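Structure record follows, encoded as structure tokens.
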């Protein structure tokens, strides 16, 4: 299969996303970027064990190579993991011309990218995402962060990578639960931006869950195209980019309230999209048929569609710490029609009705 290339157009910060099989073995763009430079690979035990030897050969041109392995899971996306990266680089005397390679899923990419944003006031980094969620979403766009007990991704920076290498063959080693989690972000892109893409996801859902190479390549490419277009138009989320957070206000509340790692990010986003669609319907923006259609697809992807049965005030408390909140008042990405999203404040009555309808018990 050929290598697909998508350009994220950000003037002097523009960079390519390369998509295809066997990219972990190397690519001329990666070789040119790391040649003669100090390189820190940030990863975890699982990814290093499965694919580390392949990437090591691709980084042979580095003048110095170290590896920093982080604990796995969203609950470890914290200050301690960030300090581990910075300490390892300082101990190895890495200079401001060094490069970080984020080699793993969204947690690794977020922490490693944040370390690159702050190490010696900012150094280059490369995203090498190995999960579906990271390939279609978190590796693209330059959002980097760690979590805080009071909110997800509340401490971070915008810092664009120099290159994204999405090796689709690496997806075949993912557990089924991780594949489903990644499909939440795939479905999101169709729901907010491209109904033809949404229809193709519905058609291919069984093949996508089975990690069929052709279906996966189509999904990764189209999702990256959509995200690249949005990021190029609104890099720092002044307005348009917020639509990429469809389902995330509810989803982040579920993650924080349940304890980071209890729900995978994609599982919480999948359920959050059901809730956001229900809220959109209650506000008269979309009809129940599209809510049912989206809910059925999320369920077919192997994702939960019912949220924890917490009191509405607990959800409101959790959502008040969302980054889209304004002075503690949550704002929601809603569908004002199928395939198109907007950012809105909502009346408490309708929000409570959605929480009542979408939480356990069924």
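The values are calculated or read from the model by the stated rules, or taken from the named source; none is laboratory data. Owing to the predicted nature of the structure, the values given are computational and were not obtained by experimental measurement. Positions of Cβ are backbone-derived with ideal geometry, glycine not excepted, and every protein chain shown enters the neighbour counts.
In contact (Cβ under 8 Å) with a residue 60 or more places away in the chain, part of a loop (DSSP other than H, G, I, E, B), in contact with a strand residue (DSSP E or B) (Cβ under 8 Å, 6 or more places away or on another chain) and within 22 Å of residue 343 (Cα to Cα) - does that describe any residue in region 255-278? Within region 255-278, none of the residues are in contact (Cβ under 8 Å) with a residue 60 or more places away in the chain, part of a loop (DSSP other than H, G, I, E, B), in contact with a strand residue (DSSP E or B) (Cβ under 8 Å, 6 or more places away or on another chain) and within 22 Å of residue 343 (Cα to Cα).
Being over 26 Å from residue 176 (Cα atoms) and touching a helix residue (DSSP H, G or I) at 6+ places or on another chain (Cβ under 6 Å) is the filter; apply it to region 120-139 and report the residue that is surrounded by the most Cβ atoms within 10 Å (Cβ to Cβ). Walk me through how you get there before you give the answer.
We begin by selecting, within region 120-139, every residue over 26 Å from residue 176 (Cα atoms); these are 120-126.
Still in the list and also touching a helix residue (DSSP H, G or I) at 6+ places or on another chain (Cβ under 6 Å): 123, 125.
Numbers: 123: 22, 125: 29.
The selected residue is 125.
Of everything in region 169-227 that's touching a helix residue (DSSP H, G or I) at 6+ places or on another chain (Cβ under 9 Å) and assigned to a loop (DSSP other than H, G, I, E, B), which residue is nearest to residue 272 (Cα to Cα)? Looking at residues that are touching a helix residue (DSSP H, G or I) at 6+ places or on another chain (Cβ under 9 Å) and assigned to a loop (DSSP other than H, G, I, E, B), I get 194.
Okay, residues lined up against (1) in a strand (DSSP E or B); (2) in the same structural domain as residue 254 (by TED's automatic domain parsing); (3) closer than 24 Å to residue 6 by Cβ; (4) touching a strand residue (DSSP E or B) at 6+ places or on another chain (Cβ under 8 Å):
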residue: 119; (1), (2), (3), (4): no, no, no, yes
residue: 127; (1), (2), (3), (4): yes, no, yes, yes
residue: 134; (1), (2), (3), (4): no, no, yes, yes
residue: 145; (1), (2), (3), (4): yes, no, yes, yes
residue: 154; (1), (2), (3), (4): yes, no, no, yes
residue: 157; (1), (2), (3), (4): yes, no, yes, yes
residue: 160; (1), (2), (3), (4): no, no, yes, yes
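Against the conditions (1) surrounded by fewer than 22 Cβ atoms within 10 Å (Cβ to Cβ); (2) more than 19 Å from residue 352 (Cβ to Cβ); (3) at pLDDT 95 or above, residue 283 satisfies every one except (2). Scanning region 58-84 for residues being in contact with a strand residue (DSSP E or B) (Cβ under 6 Å, 6 or more places away or on another chain) and either outside the structural domain of residue 165 (by TED's automatic domain parsing) or free of Cβ contacts under 8 Å to residues at least 12 places away in the same chain (or both) gives a total of 0. Residues in region 144-161 that are at pLDDT 95 or above and touching a helix residue (DSSP H, G or I) at 6+ places or on another chain (Cβ under 6 Å): 144, 145, 146, 156, 157, 159, 160.
Would you check if there is a residue in region 134-145 being more than 30 Å from residue 214 (Cβ to Cβ) and touching a residue at least 12 places away in the same chain (Cβ under 8 Å)?
Step one: of region 134-145, the residues more than 30 Å from residue 214 (Cβ to Cβ) are 144-145.
Applying the additional criterion that residues be touching a residue at least 12 places away in the same chain (Cβ under 8 Å) yields 144-145.
Yes, some residue in region 134-145 is more than 30 Å from residue 214 (Cβ to Cβ) and touching a residue at least 12 places away in the same chain (Cβ under 8 Å).
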